[in-house]
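**Student:** Sharing a structure with you now.
What follows draws every value from the coordinates through simple rules; no lab data is involved. The shown structure was predicted, so the numbers you read here are calculated from the model rather than taken from an experiment. Every residue, glycine as well, gets a Cβ built from its backbone with ideal geometry; the counts of neighbours run over all protein chains shown.
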Amino acid sequence: MRVDILTLFPNFFSGIVSESILKRAIERELIVVDTINIRDFAFDKHRVVDDYPYGGGAGMVMKPEPIAGAIAAAKERRPGNSKVIYMTPQGKVLNQQLVQQLATEEHLIVLCGHYEGIDERAREELVDEEISIGDYVLTGGELAAAVLVDSVIRLIPGVLGSAESAAGDSFSDGLLEYPQYTRPPEFMGRAVPEILLSGDHGRIKQWRREQSLQRTLERRPELLDKVELFKADKQFLDKLRKLST
Ligand code: 6GU
């Protein structure tokens, strides 16, 4: 996979690209992550990328031509299928299902907006998908783009070691994750649940499933409406619901 991030602040991404899991994935050539400075595609001598909104009003609008130039340059870097994503609070809210879809793409071009957003014609003509990371306002699309790129890249085969496998993630099966314990067996007077020390893998698996269900019911009950549940899951949830009434 290739990811090109189009931004007015390319330095913002240097730490993200050079650290941790992404660093390893890049070193192992599982992915290429690059930034393109939109300002490099400003055509005038002052390299202006924003202008006053027609009709008046507060703030500035990102001009369409530098955006078009930056997207064209990104497409030249990987001829073939690419998807242009514009990070905006007006977009579809990111969730794990959308992350999984994006992880199957060959080339993501991620456009970070600033000021009052981009010229509408650039959005209509050049953008394939608009994505938000939640219902709150950030000063620009960079932090949102970093969240998107991190969530997508960790799903690319080989990026996570088996120790960090994505299969058991919260949300990957639509449920929250079960609680985890490590040594010591007792901490601040609290013991590790006995079943985890039993060596009975069947019972441990069942206990973890039930913990996931209970946690999801307590913390994010709305998630349960969307997941596929086994008969035993439903019976367990019914039991919990009866206990709490
Ligand atoms: Cl993608 N951009 C901005 N500026 N704010 C946001 C966002 C994006 N997603 C949530 N808030």
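**Student:** Using a Gaussian network model of the chain whose springs link C-alpha atoms within less than 10 Å, name the residue from 35, 216, 182 with the highest mean-square fluctuation.
**Tutor:** Of 35, 216, 182, the most mobile in the Gaussian network model is 182.
**Student:** Take the Cα atoms of the chain, build their convex hull, and give its volume per residue in Å³.
**Tutor:** Spread over its residues, the Cα hull of the chain gives 198 Å³ apiece.
**Student:** Restricting attention to the alpha-carbon atoms of the range 1-59, what are Rg (one decimal) and Dmax (integer), both in Å?
**Tutor:** Every Cα atom of the range 1-59 included, Rg and Dmax give 16.2, 50 Å.
**Student:** Still on this structure, I have one more. Connecting C-alpha atoms closer than 10 Å in a GNM of the chain, tell me which of 124, 116, 106 has the biggest fluctuation.
**Tutor:** Ranking 124, 116, 106 by mean-square fluctuation puts 124 first.
**Student:** Any chance you could check the Cα centroid distance between the range 125-198 and the range 14-48 for me, in angstrom?
**Tutor:** Each part reduced to its Cα centre gives a spacing of 24 Å.
**Student:** With a sphere of radius 15 Å drawn around the Cβ of residue 55, what net charge do the other residues whose Cβ falls strictly inside it have (Lys, Arg +1; Asp, Glu -1)?
**Tutor:** Within the 15 Å Cβ shell, the charges total -3.
**Student:** With N set to the residue count of the range 123-245, report its C-alpha Rg divided by 2.2 N^0.38 Å to two decimal places.
**Tutor:** Against the compact-globule rule of thumb, the ratio is 1.40.
**Student:** Further question: With runs of 4+ DSSP H residues as the only contributors, calculate the mean residue ellipticity of the chain at 222 nm using -39,500 (n - 2.57) per run, divided by the residue total and rounded to the nearest 500.
**Tutor:** Counting only the DSSP helices, I get -10500 deg cm²/dmol.
**Student:** Give me a comma-separated list of calculated 3J(HN,Hα) values for the range 109-119, in order, Karplus coefficients 6.51, -1.76, 1.60 applied at θ = phi - 60°, integers in Hz, x for any Gly or Pro.
**Tutor:** Result, rounded to whole Hz: 10, 10, 9, 9, x, 9, 6, 8, x, 9, 4.
**Student:** Select from 140, 161, 91 the residue whose mean-square fluctuation is largest in a Gaussian network model of the chain (Cα-Cα springs shorter than 10 Å).
**Tutor:** 161
**Student:** For residue 239, give me every one of the aspartates and glutamates with a C-alpha distance below 14 angstrom, ignoring sequence neighbours fewer than eight places off in its own chain.
**Tutor:** Partners within reach: 210, 218.
**Student:** Something else about it: Can you give me the long-range amide H partners of residue 111? Hydrogens built in the peptide plane at 1.01 Å from N, cutoff under 5 Å, separation of 5 or more residues or another chain.
**Tutor:** Answer set, sorted by chain and number: 6, 85, 86, 87.
**Student:** Mind checking which aspartates and glutamates have their C-alpha under 13 Å from residue 226, skipping anything on the same chain fewer than 8 residues away?
**Tutor:** 173
**Student:** Would you list which lysines come within 18 Å of residue 205, measuring only between C-alpha atoms, while excluding same-chain residues fewer than 8 positions from it?
**Tutor:** The reachable lysines, counting only those whose Cα sits under 18 Å from residue 205, are 231, 234.
**Student:** Amide H of residue 119: which non-local residues (sequence gap of 5 or more, or other chain) have their own amide H closer than 5 Å, using H built in the peptide plane?
**Tutor:** Residues meeting the amide H criterion: 62.
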